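S.K.: Below you will find the structure I want to go over with you.
The values are calculated or read from the model by the stated rules, or taken from the named source; none is laboratory data. As the structure is a computational prediction, the values presented were derived from the model and not from experiment. Cβ: placed from backbone, ideal geometry, glycine included. Neighbour counts: every protein chain shown.
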Ligand SMILES: [Zn+2]
């Protein structure tokens, strides 16, 4: 059981307080910036400070009914007196791609993150993405270099934490609290001292006979993470001082994945008890938002509430690898081995036992016993979209397709996937993959500059999620209505409030717009190569926008940051959430 420390610092001064002398690895100036002159902004700012509240996967489809029922008064007031609307996610609309786009103001074709996993064509290996794979500067680095103080709490794709002018606490992909998950490193000990049951990842327990009691326990864990989020903001904000600070409520997404049928007004009426329990969780979230709004107002900060993507029902799973097998592009070694592995996993799950038998190459060998000598194309990983790679001679070890056949094979597959149709649950014929993209066309980049990107990205019909595993032979396995869980949609949320923000306004922006808008609002020039647009209509005053030359960063060669044991832990976490299948 997690407990949270109710102690709150009394000081309301956002200059860093001298709670501790700086330790090894901690910046000297973090203890005494009062002596430093105020940061010179390049332009007249409309916002002195910015507090960003990230609600992973939040959607107005859930929030609007909650606000109308009076369950989220703080968010409702923030929206009524500010400007709000849809925030469109990235392609694909998933956590690692979308939050990295938020942090860089650029799409996956630039920053390189399309999924949690990354397939390295040079050695035919899957690994997990980390901050080392982000190929562009993030706002934390841009702001730090310009002398502003930043703080980032639990934002996905910030492990291992990078050095910033301020602090960084990495997100739910932190393997364990044994690792260095904070910058400065010393902050970790302060956190673990203050929150002995520091709660940073999902702990959703599943047991067949768990019943309402287990469900309630899962919700309590989530509610505690909301309360802890606010406490971290206040604690770190006081300790380090801040110009731009962000807190991420990751478990909003997990709650929706697990409890969609209790939250969706279309189905929640059939489960009144669990619907009530789940709705109360949003009231706890709103209480935390209320505390953050008060804290931001005391510090005259602009508030940005945003999600990385929306959410909706998960109606079925698309199985492109089943199609590739039927079309002769992919060969399974033995269906018997695969069936045995699956049976073992199901027994473990029924017993509530954690399965520890993950084979090499992360999930794929576990899910698909592939005969690589006869596999010319495979969806190597999937996150809403399917990420398909061809086995190309001179690129992968043991590659099969001649380079001169690459374009033809890729185009054949593109056409074939686009032509796949099936009947949905209403009996209508739908295209399983309404869009199939070449990476360089989708992201408007050059293939040779971004060789790690998939050869094809398969975009499923809304309501479907692509999986790499094969169960049966159909293109789509429809979920039974009884088991209805949730999955992502493109439409996320944005709500902005504070001095100089338009009251009662509406907006429709894209997640790449947030970084340039934030920089302009806080009085800095915007790097000219950011793909997002400054959203000037959010403000009641004229926002002056100036640009500066693009900045590049030295990207390290691929660095494996997770040990085998940590990979197992992360694989389990992502599988439990339904992110790795
Ligand atoms: Zn997300």
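S.K.: Kindly indicate which of 202, 176 is part of a loop (DSSP other than H, G, I, E, B) and within 16 Å of the ligand (Cβ to nearest atom).
M.R.: Numbers: 176 fails: within 16 Å of the ligand (Cβ to nearest atom).
The unique qualifying residue is 202.
S.K.: Limited to segment 559-574, what total is found for residues that are touching a helix residue (DSSP H, G or I) at 6+ places or on another chain (Cβ under 7 Å) and either modelled with pLDDT under 80 or in a helix (DSSP H, G or I) (or both)? Don't jump to the end; show me each part of the working.
M.R.: If we filter segment 559-574 for residues that are touching a helix residue (DSSP H, G or I) at 6+ places or on another chain (Cβ under 7 Å), which is where we start, we get 559, 561-562, 567, 571.
If we keep only those that are either modelled with pLDDT under 80 or in a helix (DSSP H, G or I) (or both) too, we end up with 559, 567, 571.
The total comes to 3.
S.K.: Taking segment 91-134, which residues are closer than 14 Å to residue 389 by Cβ and within 16 Å of the ligand (Cβ to nearest atom)?
M.R.: 114, 115, 117
S.K.: A further question on this structure: Answer yes or no: is there a residue in segment 280-293 that is within 16 Å of the ligand (Cβ to nearest atom) and closer than 24 Å to residue 494 by Cβ. Break it down into steps so the answer makes sense when it comes.
M.R.: Applying the first criterion (within 16 Å of the ligand (Cβ to nearest atom)) to segment 280-293 yields 285.
Pick out the ones that are also closer than 24 Å to residue 494 by Cβ and you get 285.
Among the residues of segment 280-293, at least one is within 16 Å of the ligand (Cβ to nearest atom) and closer than 24 Å to residue 494 by Cβ, which makes the answer yes.
S.K.: Considering each residue of segment 151-166, count those that are within 20 Å of the chain's Cα centre (by Cα) and crowded, with 21+ Cβ neighbours inside 10 Å, and give that number. Walk me through it before giving the result.
M.R.: Our first condition is that a residue be within 20 Å of the chain's Cα centre (by Cα); within segment 151-166, this holds for 151-162.
Subsequent filtering for residues that are crowded, with 21+ Cβ neighbours inside 10 Å retains 151-159, 161.
Final tally of qualifying residues: 10.
S.K.: Among residues belonging to segment 181-193 that are free of Cβ contacts under 8 Å to residues at least 60 places away in the same chain and surrounded by fewer than 16 Cβ atoms within 10 Å (Cβ to Cβ), point out the one that is farthest from the chain's Cα centre (by Cα).
M.R.: The qualifying residue farthest from the chain's Cα centre (by Cα) is 193.
S.K.: Let me ask you something else. Give just the number: which of (1) modelled with pLDDT of 95 or more; (2) crowded, with 24+ Cβ neighbours inside 10 Å does residue 254 not satisfy?
M.R.: (1)
S.K.: Here's a follow-up. Residues that are without any contact (Cβ under 8 Å) to a residue 24 or more places away in the chain: find the strands (runs of 3 or more DSSP E) completely inside segment 428-542 holding 1 or more of those.
M.R.: 429-431, 435-438
S.K.: Separate question: Residue 376 fails exactly one of the following numbered conditions: (1) buried (at least 17 other Cβ atoms within 10 Å of the Cβ); (2) modelled with pLDDT under 95; (3) farther than 26 Å from residue 89 by Cα. What is the number of that condition?
M.R.: Condition not satisfied by residue 376: (2).
S.K.: Which one of 222, 247 is more than 21 Å from residue 579 (Cα to Cα) and within 16 Å of the ligand (Cβ to nearest atom)?
M.R.: Going through 222, 247 in turn, just one is more than 21 Å from residue 579 (Cα to Cα) and within 16 Å of the ligand (Cβ to nearest atom): 247.
S.K.: With the checklist (1) within 16 Å of the ligand (Cβ to nearest atom); (2) surrounded by 22 or more Cβ atoms within 10 Å (Cβ to Cβ); (3) not in a helix (DSSP H, G or I) in hand, flag the one item residue 312 doesn't pass.
M.R.: (2)
S.K.: Being part of a helix (DSSP H, G or I) and either touching a helix residue (DSSP H, G or I) at 6+ places or on another chain (Cβ under 7 Å) or more than 16 Å from the ligand (Cβ to nearest atom) (or both) narrows it down to one of 266, 261, so name that one. Outline the logic, then answer.
M.R.: On the way: 266 fails: part of a helix (DSSP H, G or I).
Only one candidate passes the filter, namely 261.
S.K.: Sticking with this structure for a sec: Collect the residues in segment 56-90 that are over 30 Å from residue 447 (Cα atoms), surrounded by fewer than 23 Cβ atoms within 10 Å (Cβ to Cβ) and within 16 Å of the ligand (Cβ to nearest atom), keeping them in residue-number order.
M.R.: Within segment 56-90, 60, 61, 86 meet the criteria.
S.K.: Out of segment 80-128, which residues are in a strand (DSSP E or B), at pLDDT 95 or above and closer than 21 Å to residue 487 by Cβ? Write out each step before concluding.
M.R.: The initial filter retains those residues of segment 80-128 that are in a strand (DSSP E or B), namely 83-88, 117-120, 125-128.
Okay, now just the ones that are also at pLDDT 95 or above, so 83-88.
Within segment 80-128, 86, 87, 88 meet the criteria.
S.K.: Mind telling me which of the residues 144, 170 ends up being out of contact with any helix residue (DSSP H, G or I) (no Cβ under 9 Å at 6 or more places or on another chain) and either within 16 Å of the ligand (Cβ to nearest atom) or farther than 20 Å from residue 577 by Cβ (or both)?
M.R.: On the way: 170 fails: out of contact with any helix residue (DSSP H, G or I) (no Cβ under 9 Å at 6 or more places or on another chain).
Only one candidate qualifies: 144.
S.K.: Now for a separate question. Residues in segment 238-258 that are part of a helix (DSSP H, G or I) and more than 16 Å from the chain's Cα centre (by Cα): how many?
M.R.: The initial filter retains those residues of segment 238-258 that are part of a helix (DSSP H, G or I), namely 238-240, 251-258.
Restricting the remaining residues to those that are more than 16 Å from the chain's Cα centre (by Cα) gives 238-240, 258.
The number of residues fulfilling the criteria is 4.
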